[in-house]
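The structure under discussion appears below in the form of structure tokens.
Taken together, the values in this text are just the output of simple stated rules run on the coordinates, not laboratory data. Remember, it's a predicted structure, so these values are computed and weren't measured experimentally. Every residue, glycine as well, gets a Cβ built from its backbone with ideal geometry; the counts of neighbours run over all protein chains shown.
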Amino acid sequence: MKIVVSGSTGLIGSALSRALARRGDEVVPLVRRRVARGEQALAWDPERGTIDRAGLEGTDAVIHLAGENVFGRWSPAKKQRIYDSRVKGTSLVSDALAGLHRPPATLLAASAIGYYGDRGEEAVTEESAPGEDFLAHVARDWEAATAPATRAGIRVVNMRTGVVLTTIGGALAKMLPAFRLGLGGPVGSGNQYLSWIVLDDIVNAILHLLGNPNLVGPVNMTAPTPLMNREFAKTLGKVLGRPAVVTVPAFALRIAFGTEGAAMVQGGQRVLPARLLASGFKFSFREVEPALRHLLAPSEGSR
């Protein structure tokens, strides 16, 4: 298959690109720079609304992962970048695909479990209603931006991704230094749910989506056993052989992230991957303790 991947240098995109190449697919990165002559890549510029439409002709699938990192202090400018990078970028890709003479059969488009908002202990599936906060608003518009591709007859899957666990980046990598020093612990009350998935499982889930034409629309990309933040902290401390009782107070989060960003960190969703499970996907890690032991084993330090 010839597969175009945006966000191909990101945490998920780089691992996915390697997995696609290993199985013999032709991977074409969608990049925000000038493409050198003879380079196997396509250029796009979401801010200017430009994309190599001719290069998209005849591809088998597009996997759209690009988007501004949500972590960091949520200034008005940061929030605008979070929104625009997702909604405008996805609109550009979707509109371009819809106008092709030979469009791809499939568009797998990133979304996020932030779609559900802060739901406390309520278990949510793909059938659950959206939330009302900033990230829920972003996710609703993000998914809606794929509508032109759907109208053009392209199979669209909106991948609502949870917290991806790996030691090479993302949330776990940021936590590890403090936890290894015995200075880790719950965030805020610790009662918010953490819906997680290991990097290898999300890559395998994306490959599963590519090969399953019956999956259309939203799909929760999370392990089937979400847990409260305090339980995650306790388990991470146990795996590392360190105490995990130093609570990160709410005021520190507000200093680091601003009021809205702090609310995001202290909120959570208890997300169940109903559609993945129903489609027969097999998780390598369904429980967090064996997942962390695998990721943090000395021989697995590069994962």
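Given the DSSP H assignment, sum -39500 (n - 2.57) over each helix run of at least 4 residues in the chain and divide by its residue total; what's the result at 222 nm in deg cm²/dmol, nearest 500?
Counting only the DSSP helices, I get -12000 deg cm²/dmol.
Stretch Leu176-His101 to full length: gain in nm at 0.36 nm per residue minus the Cα-Cα span?
Extra length available between Leu176 and His101 comes to 22.1 nm.
If you restrict to DSSP beta bridges whose two residues both lie in the chain, what percentage is antiparallel, to the nearest 5?
Percent antiparallel among DSSP bridges in the chain is about 10.
Rounded if a/c is under 1.5, else prolate if a/b is larger than b/c, else oblate: which is segment 90-224, with a ≥ b ≥ c the root eigenvalues of its Cα gyration tensor?
Verdict is prolate for segment 90-224.
Rounded to whole Å, give me the distance from the Cα center of segment 87-101 to that of segment 175-233.
29 Å
Using θ = phi - 60° and the Karplus relation 6.51 cos²θ - 1.76 cosθ + 1.60, list the HN-Hα couplings for segment 56-67 in order, rounded to whole Hz, with x at every Gly or Pro.
7, 4, x, 6, 8, 7, 10, 10, 9, 10, 5, x
Taking 0.36 nm per intervening residue step and subtracting the Cα-Cα distance, what contour gain separates Val246 from Asp141 on full extension?
34.1 nm
Once R0 is set to 45 Å, what does the formula 1/(1 + (r/R0)^6) return for the Cβ-Cβ distance between Ala297 and Arg48, expressed as a FRET efficiency to the nearest 0.05?
With R0 = 45 Å, the Cβ-Cβ based efficiency is 0.50.
Determine the gain in length on full extension of the stretch Gln40-Arg73; use 0.36 nm per residue of separation and subtract their C-alpha separation, reporting nm with one decimal.
8.3 nm
Once you put a point 7 Å from the Cα of Ala19 and another 7 Å from the Cα of Ile168, both along the Cβ direction, what distance in nm separates them?
So the label points at Ala19 and Ile168 sit 1.2 nm apart.
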